[in-house]
Amino acid sequence: MHYLLLFVSLILATAPAAVIACEGECIVGITNAFLGNYTDPIRMTMEQIAQQISYSIPNQPPPFQTINYLQPILDAYNNGAYDGMENAIFPSYFHGKCLRDGVTPPGCPNPDCDVVCGTPGSLVHFYSKLRYIAFDQTRRGLQALSAPGNDAYNQLEQAVLDSVHQGSNSRRDGRLSRYGLSYARRSDDDDVRSQLKNIMDNLSSTMERVCGGTGSGSTNGLPDCSWASPMKEYILTFP
């Protein structure tokens, strides 16, 4: 993706001259790199979700309108994205000195360290794990905000209901005259809430497909959310 190449080019040009293992600027740089990488996959995931929401609303507003309904979820995700991503990588998985029986193994701290620890060489050697951590943290963060019970989801739900009400007010509905306006509206609202929940429940599998997995738990290396070459190059700019 062109965004990644531009991003990595910029961070390569401004990489720090020296750092002890992956600490400080190294942690910040790698965390921000993955957050930047996921800009496009998140956008594509939300576009697909917005399209599904459009189809579920009786008056079918265009996806460029319904994607605005998802903005509260994106805003809430972005507010906590950095802390969540950093913690998922450092120190939840990669941390500590690279030692085996008290001795620093060959290739540690750089360029290829086969001990799980907090150095660039370790991140490069276990890049498949690092790549999955970044993916899993991203989808889990978005999925958590895409379930009923939080403010971001409530705002999404209300925007969808408002769109339904606006559409129903501009057309005749046979059920309204038969059962009454309030009953029909409650029934319609319940249907919309149920459909919306089902759509948002699929956000995780939608993102998996965007990243090259099957959407059913088989990630197949996530080829479209890997960025292995430029990311390894960038990681190794940190001593």
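Quick notes
- The residues of region 192-239 have, on average, 41 Å² of accessible surface per residue, using a 1.4 Å probe with all protein chains present.
- ³J(HN,Hα) computed for each position of region 222-239 - Karplus, 6.51 cos²θ - 1.76 cosθ + 1.60, integer Hz, glycine/proline x: 6, x, 8, 9, 9, 6, 4, 4, x, 5, 4, 4, 5, 4, 7, 6, 9, x
- Inter-centroid distance (Cα atoms) of region 40-74 relative to region 84-114, Å: 40
- In Å², nearest 10: area of K197 left accessible to a 1.4 Å probe: 90
- Each peptide in 154-160, 33-39, 60-66, 101-107 gets a packing score, the mean of other Cβ atoms within 10 Å over its residues, and the list from highest to lowest is 33-39, 154-160, 60-66, 101-107.
- Of the solvent-accessible surface of region 15-114, computed with a 1.4 Å probe over protein heavy atoms with every protein chain present, carbon and sulfur atoms account for 54 percent.
- Cβ-defined net charge surrounding L222, 9 Å radius [Lys, Arg +1; Asp, Glu -1]: -1
- Hz values of 3J(HN,Hα) by residue in region 96-110 - Karplus curve (6.51, -1.76, 1.60), Gly and Pro given as x: x, 7, 8, 10, 10, 6, x, 10, 6, x, x, x, 10, x, 9
- Based on protein heavy atoms only, region 22-139 ends up with 44 Å² per residue of surface accessible to a 1.4 Å probe.
- Value of relative contact order over region 38-130, rounded to a whole percent, pairs C-alpha under 8 Å and six or more apart: 16
- Counted charge near P72, where neighbours are those whose Cβ lies closer than 11 Å (Asp, Glu -1; Lys, Arg +1): -3
- Mean Cβ count within 10 Å, highest first, over the residues of peptides 113-124, 139-150: 113-124, 139-150
- Under 19 Å from the Cα of K129 - lysines, other chains or at least 8 residues apart: K97, K232
The values are calculated or read from the model by the stated rules, or taken from the named source; none is laboratory data. Model, not experiment: these values are computed from the prediction. Cβ atoms come from the backbone with ideal geometry, glycine included; neighbour counts cover every protein chain shown. SASA here: full protein model, heavy atoms, side chains in, ligands and nucleic acids out. Shrake-Rupley method; radii C 1.70, N 1.55, O 1.52, S 1.80 Å.
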